[in-house]
1. If I ask for residues that are more than 25 Å from Leu81 (Cα to Cα), surrounded by fewer than 21 Cβ atoms within 10 Å (Cβ to Cβ) and not hydrophobic (A, V, I, L, M, F, W, C), which ones from the stretch 134-175 would you list?
2. Count, please, the residues in the stretch 300-346 that happen to be surrounded by fewer than 21 Cβ atoms within 10 Å (Cβ to Cβ) and of a type in the set (Gly, Ala, Ser).
3. What residue, among those in the stretch 246-259 that are buried (at least 19 other Cβ atoms within 10 Å of the Cβ) and under 30 Å from Thr181 (Cβ atoms), is nearest to the chain's Cα centre (by Cα)?
4. Of the numbered conditions (1) closer than 20 Å to Val27 by Cα; (2) small (Gly, Ala, Ser); (3) not assigned by TED's automatic domain parsing to the domain that holds Val27, Ala146 satisfies every one except a single condition; which is it?
5. Check Ile134, Ile139 and return the single one that is of a type in the set (A, V, I, L, M), touching a Ser or Thr at 6+ places or on another chain (Cβ under 9 Å), under 26 Å from Tyr263 (Cα atoms) and part of a helix (DSSP H, G or I).
6. Conditions: (1) surrounded by fewer than 22 Cβ atoms within 10 Å (Cβ to Cβ); (2) assigned to a helix (DSSP H, G or I); (3) not polar (S, T, N, Q). Glu126 meets all but one. Number of the miss?
7. Among (1) in contact with a strand residue (DSSP E or B) (Cβ under 7 Å, 6 or more places away or on another chain); (2) in contact (Cβ under 8 Å) with a residue 40 or more places away in the chain; (3) not assigned by TED's automatic domain parsing to the domain that holds Ala75, where does Asn135 come up short?
Amino acid sequence: MIKAGIIGSTGYAGGELARLLLGHKDVEIKWYGSRSYIDQKYADVYRNFFELAEDVCRDDNLAQLAKEVDVIFTATPQGFLAGLLNEEILSQAKVIDLSADYRIKDVAVYEKWYGIGHKSPQFIREAVYGLCEINREQIRGARLVANPGCYPTCSTLSLYPAVKEGLIDPHTIIIDAKSGTSGAGRGAKVDNLYCEVNENIKAYGVTSHRHTPEIEEQLSYAAGENIMLNFTPHLVPMNRGILITAYASLKKQVSAADVKAVYDQYYKNEKFVRVLDAGVCPQTKWVEGSNYVDVGFAADARTNRLILMGAMDNLVKGAAGQAVQNMNLMFGLPESTGLELVPMFP
């Protein structure tokens, strides 16, 4: 059995990690870390774990945790892991970080967009960006994985084949994204109160959202050149889900069949990316509670643009599910173990 510890287990992503790992046949959760609920029963924090998780919450002592487990998941704010990670911890346990601390390879870019100094930049180069569909082989041998952000996961997987195959001009990309409120975390914020969110939709982080450089970096690898794009997220009144619609100018005239052939070629062996037929648009309700990303497209001959769409659950494939997928690869397990979840509806 793989012994696992979760730091930040009482946040939304941490709770989803606990749910998935409890159902994983090869994992035993040894540590529910939560600075806010030390010595309280985990099932009293999340009552859906009643009679399923009897453990109490412990602190965030990474040094001690590394001695007790094989893998540590850190579902923590930016800067937490970077401030504590050292060679001793990494020599004892593998680490999968759900924050942005090791996602961006240029430390100056990280510090500019996140507004904090990076305290362990020596591990940035070693960290593997944990987008399994693209970096699978590097993940297998990693001891530190940077779990991708939710918006970057959906955006990158939706755009990657079109960028990689040169169907679109990557410098013309505009990404319009929507997310449910769980993406903002469990902390109390006025902007996330029911009366603020219900019956409303709003843009936020316009020109300044912190996931922008992460998306740019990943798509730059696909393009083979540095690219800059527009990314605008929106908050919508639902619990879970991300929908992205991306627009870019075509480099050459293509038909729907041409685009479908490219995407089928890239994702034909990918368990968790479902390429929809032409004319079928992704919807968040068809991926909720699952690790799937549904990708769709439309070629607009009138404007000479390609429209690419993606839908996924921000807490599963956008966070905890992807982290478990990474863990499976790191420990030599079938990638889909514990993740073969049929999307929930209604």
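1. Of everything in the stretch 134-175, those that are more than 25 Å from Leu81 (Cα to Cα), surrounded by fewer than 21 Cβ atoms within 10 Å (Cβ to Cβ) and not hydrophobic (A, V, I, L, M, F, W, C) turn out to be Lys164, Glu165, Gly166, Asp169, His171, Thr172.
2. Result for the stretch 300-346: 3.
3. Only one residue tops the list, namely Ala246.
4. (1) is the only condition that Ala146 fails.
5. Going through Ile134, Ile139 in turn, the sole match is Ile134.
6. Of the numbered conditions (1) surrounded by fewer than 22 Cβ atoms within 10 Å (Cβ to Cβ); (2) assigned to a helix (DSSP H, G or I); (3) not polar (S, T, N, Q), the odd one out for Glu126 is (2).
7. (2)
Each row is one residue, and each column tells you yes or no for (1) touching a His at 6+ places or on another chain (Cβ under 9 Å); (2) among the basic types (Lys, Arg); (3) in the same structural domain as Ile215 (by TED's automatic domain parsing).
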| site | (1), (2), (3) |
| --- | --- |
| Arg19 | no, yes, no |
| His24 | no, no, no |
| Ala63 | no, no, no |
| Thr76 | no, no, no |
| Ala100 | yes, no, no |
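The values are calculated or read from the model by the stated rules, or taken from the named source; none is laboratory data. Keep in mind the model is a prediction, meaning the values are calculated, not measured. Because the Cβ atoms are built from the backbone with ideal geometry, glycine has one as well, and the counts that use them run over all protein chains shown.
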